[in-house]
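Input: a single structure, listed below in structure tokens.
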Amino acid sequence: MKLTDKEIERFWKKVDRRSEDECWEWKASKTKFGYGQMGAAGTVLGAHRIAFYVRFRRWPEVARHTCDNPGCCNPYHIVDGSQADNVADMWERGRGLLGETHPQSKHTDADIRQMRELYAAGALTQKGLAQRYGATQEWVGQVVRGERRKKAGGPFTAPGRGCRAA
Ligand SMILES: [Zn+2]
């Protein structure tokens, strides 16, 4: 799918262009999530996707804002990424469903198992896990030491604990 010069021209007319460091706000219609949108090439396109296209002359898989501003159309604030990156970003910024302010009980047993596996395999540190899962490092520490969510891992003995009972 290609955009014509006319369409690109029309696109720029709706963008509040500023310096490279600043966000370029979309001035026309937006989705309820705050993303700009424009009809072009016979369909409705996300304005930030068009911004990416104008800079790189290709369409991104997922256009991500490095500035975290959905209405921004500064091509220097938009990168291509997978949906997984998008979710990881949200978590890092604490905006996702599993953000730091969110009750950590939201983690499923599968999450807990995966966290323990990743930690045991040395794939992620406790800090890395905390970031990835939107939890506090303290809580992650308790999880990987088996001090939380006993049922997730099945029968277990926390290191240095529970030996008396065994
Ligand atoms: Zn921006």
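For the reader, a short list of remarks on this structure follows.
- Rounded to whole Hz, the Karplus (6.51, -1.76, 1.60) HN-Hα couplings of region 123-138, x for glycine and proline: 6, 9, 7, 4, 5, x, 5, 4, 5, 5, 9, x, 10, 7, 5, 4
- Calculated FRET efficiency, Glu138 to Trp59, Cβ-Cβ distance, R0 = 25 Å: about 0.05 to the nearest 0.05.
- The H on the amide N of Cys73, modeled in the peptide plane, is under 5 Å from the matching H of Trp24, Glu25, Trp26, each at least 5 residues off or on a different chain.
- Virtual spin-label span in nm between Asp80 and Glu22, 7 Å along Cα→Cβ: 3.0 nm
- Segment Lys6-Ala41, extension gain: residue separation times 0.36 nm, minus the distance between their alpha carbons: 11.5 nm
- Over region 5-81, the reciprocal of the mean inverse Cα-Cα separation, the Kirkwood hydrodynamic radius, stands at 12.1 Å.
- Of the chymotrypsin sites (Phe, Trp or Tyr not before Pro) found in region 27-77, those that fall in a DSSP loop while having at most 15 other beta-carbon atoms within 10 Å are Phe33.
- Length gained when the stretch Lys32-Asp109 is fully extended (0.36 nm per residue, less Cα-Cα span): 24.4 nm
Rule-based calculations on the coordinates, nothing more; no lab input. Every value quoted in this text rests on a predicted model; they were computed, and no experiment measured them. Counting neighbours? That spans all protein chains shown, and the Cβs are built from the backbone with ideal geometry, glycine included.
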